[in-house]
1. If GLY424 satisfies all but one of (1) open to solvent by 40 Å² or more (accessible area, probe 1.4 Å); (2) over 21 Å from LEU486 (Cβ atoms); (3) out of contact with any Ser or Thr (no Cβ under 8 Å at 6 or more places or on another chain), what's the number of the condition it fails?
2. Among the residues of segment 371-421, which ones are charged (D, E, K, R), in contact with a strand residue (DSSP E or B) (Cβ under 9 Å, 6 or more places away or on another chain) and open to solvent by 50 Å² or more (accessible area, probe 1.4 Å)?
3. Within segment 185-207, can one find any residue that is in a helix (DSSP H, G or I), open to solvent by 30 Å² or more (accessible area, probe 1.4 Å) and either touching an Asp or Glu at 6+ places or on another chain (Cβ under 7 Å) or aliphatic (A, V, I, L, M) (or both)?
4. Across segment 322-343, which residue is least open to solvent (accessible area, probe 1.4 Å) among those that are over 21 Å from LEU453 (Cβ atoms) and not hydrophobic (A, V, I, L, M, F, W, C)?
5. With the structure loaded, tell me whether LYS547 is open to solvent by 30 Å² or more (accessible area, probe 1.4 Å) and at negative phi or whether it fails that test.
6. Looking at (1) open to solvent by less than 10 Å² (accessible area, probe 1.4 Å); (2) modelled with pLDDT under 95, which one does CYS346 not meet, given that it meets all the others?
7. Condition first: outside any helix (DSSP H, G or I), of a type outside the set (S, T, N, Q) and out of contact with any strand residue (DSSP E or B) (no Cβ under 6 Å at 6 or more places or on another chain). Now tell me which residues in segment 451-494 satisfy that.
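The values are calculated or read from the model by the stated rules, or taken from the named source; none is laboratory data. Here the structure is a predicted model, which is why all the values come from computation and not from measurement. Virtual Cβ from ideal backbone geometry, glycine too; neighbours counted across all protein chains shown. Accessible surface areas use protein heavy atoms only, side chains included; no ligands, DNA or RNA. Shrake-Rupley method; radii C 1.70, N 1.55, O 1.52, S 1.80 Å.
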Amino acid sequence: MATAQTVLQVCGGDVPCLFSSKTHLSGSWSGSLSSSFIRYRRRKVTAHFEVTNYFNKSCIGNARQLSHSAHVNVTSNRLGLRRCKCELADSVRELKSEDGNGISGNGPSILEKAVFSSNGSIHSNGTIRDTMHEDITDSIEDEAWALLKESIVYYCNSPVGTIAAKDPSESNVLNYDHVFIRDFVPSGIAFLLKGDYDIVRNFILNTLQLQSWEKTIDCHSPGQGLMPASFKVRTVPLEGDDNATEEILDPDFGEAAIGRVAPVDSGLWWIILLRAYGKSSGDFSVQERIDVQTGIKMILRLCLADGFDMFPTLLVTDGSCMIDRRMGIHGHPLEIQALFYSALLCAREMLAPEDGSADLIRALNNRLVALSFHIREYYWVDMKKLNEIYRYKTEEYSYDAVNKFNIYPDQIPPWLVEWMPHKGGYLIGNLQPAHMDFRFFSLGNLWSVVSNLATMDQSHAVLDLIEAKWSDLVADMPFKICYPALEDKEWQIITGCDPKNTPWSYHNGGSWPTLLWQLTVACIKMGRPEIAERAIKIAEKRISRDKWPEYYDTKKGRFIGKQARLFQTWSIAGYLVSKLLLSNPSAAKILTTEEDSELVYAFSCAISSHPRRKRGPKSSQKTYIV
């Protein structure tokens, strides 16, 4: 782990970029990587279809190797497309079930086939039931692996990711045929846990090269270091050659997204997955590459840039993370803060010592201390804290104010007074001046446990609350993305009458199976895997039969979401990761971070010190650096 004495070079001139382990490039860099692409050539041939038995289809193996001579050009790409031309035959694979109806079909699912005996009756003997449950579970896992591998996207004959969904019942795919960075994370973790490292390595390096492409919305460009929300592999005619085509990686940085919001969480997830790849595969050469180190620094500099904000939390707009539509999370949403904290810890662990980066590492360490103090102190609520807020005095103009954010006690919603258990608590969804968002956001709380952003006591209390409020947060399908849903006037004002985020649907209180894997990591980290096991058993009752939906609707998660895509990849991958981690809990270490003794000491100093430092100019004397 990097220490305070570790110095890193902040790139500011000519920076060599490594696009492969053997190819070295040098380009002029002034705050960003130069746009570059690798070209290959391929010929058009008549497409053919390989009809396969879907459920008996053999697993897709390691990436097919293609002998080629790579010509690397360092040039400016005005359109922001990564291009690749390959000498290979087009191969189109069409999945068909035995009855020829495709993967959706009208016949019984694997789960339905497994639970019935040959004469159509349900097994009732206890021993047989246990055996059948194991068989059903194995069948569901086999189906999930087959579906996950069929979602793989190839670029230049190498796997580079998985598409968001492969729903044959939908004619309008929108952007569900893209490879999303946040969506691929559970897929990548599943492949890592199975020992399939190539696809994750390819994904990391290809998305890294997209980081530097030109991105503009209405004549304005966002900050350097922004990672795309998604990309798509497109095949287009080769200019100047009618007999050849080229493959391009076409990224979306939010220019085409609903609301045109930049994906703040993409770069944070990318860093987390990069660390997980190294710890799982033992291949640390990827994170040591110059272009990867530069990419990490660009993300850090974007996140750690000075601004007007008085708080250590990241200030973002609505829709900049998993909740990518208007849901009243603008400001300092917990999900972004938890991922931010986790990415800072991962980056500090991976950054190589280089001269000239003392300022960057100092800013990183100082932000870790300030962020952990801020979240633990001001975002936490339990019954005791609620009673304190209930008795707050307001309009305190003082450096020693107790109610520092001028929160009005009447903001405590009536539902929370009855809902909060005596044992348990959670981190609120957002905090701004005169505003606390008391909704429970699952991903932010779970990842705060995983990353140690929450204290040990707080982490156990979060799991205590999940157990106490099981009927609200899990019910018939895990896991509620947030609780409670916005309803009536509140829904109209905050969502703008969003027809997709109606109460208890989609992001507004919908149930998302993909959250199973974050729940499992958090439970394993806290030594309470039985909570995750219980949730997985509930999901197994219907998720395969329902064809792996994106999300579920209603307060108890009883209906498949009204606009949910079927065969949603991260629903499939989230289930697989949960099963793999429960079978090998020690593997969760690739995602968790341990309590840092230096941070604990700095945090204790922050608590014991005066809440506000003496006013005056900054001292030239060096302050303590973790």
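1. If we test GLY424 against (1) open to solvent by 40 Å² or more (accessible area, probe 1.4 Å); (2) over 21 Å from LEU486 (Cβ atoms); (3) out of contact with any Ser or Thr (no Cβ under 8 Å at 6 or more places or on another chain), just (1) comes out false.
2. In the first step, residues of segment 371-421 are kept if they are charged (D, E, K, R); the result is 376-377, 382, 384-385, 388, 391, 393, 395-396, 400, 404, 410, 418.
Checking which are in contact with a strand residue (DSSP E or B) (Cβ under 9 Å, 6 or more places away or on another chain) leaves us with 376, 382, 384-385.
Result: LYS384, single match.
3. yes
4. So the first thing to find is which residues in segment 322-343 are over 21 Å from LEU453 (Cβ atoms), and the list is 324-328.
The next check asks that each one be not hydrophobic (A, V, I, L, M, F, W, C); those that pass are 324-326, 328.
On the way: ASP324: 55, ARG325: 47, ARG326: 123, GLY328: 15 Å².
The extreme case among them is GLY328.
5. Working: open to solvent by 30 Å² or more (accessible area, probe 1.4 Å): yes; at negative phi: no.
Taking the combined requirement at face value, the residue does not satisfy it.
6. (2)
7. Here is the first cut: in segment 451-494, the ones outside any helix (DSSP H, G or I) are 452-455, 469, 474-487.
If we keep only those that are of a type outside the set (S, T, N, Q) too, we end up with 453-454, 469, 474-487.
Correct list: LEU453, ALA454, LYS469, VAL474, ALA475, ASP476, PRO478, PHE479, ILE481, PRO484, GLU487.
To keep it simple, each residue is scored yes or no on (1) among the aliphatic types (A, V, I, L, M); (2) at pLDDT 95 or above; (3) not in a helix (DSSP H, G or I).
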| residue | (1), (2), (3) |
| --- | --- |
| TRP517 | no, yes, no |
| LYS537 | no, yes, no |
| SER544 | no, yes, yes |
| TRP548 | no, yes, yes |
| SER571 | no, yes, no |
| GLY574 | no, yes, no |
| LEU580 | yes, yes, no |
| LYS589 | no, yes, no |
| GLY616 | no, no, yes |
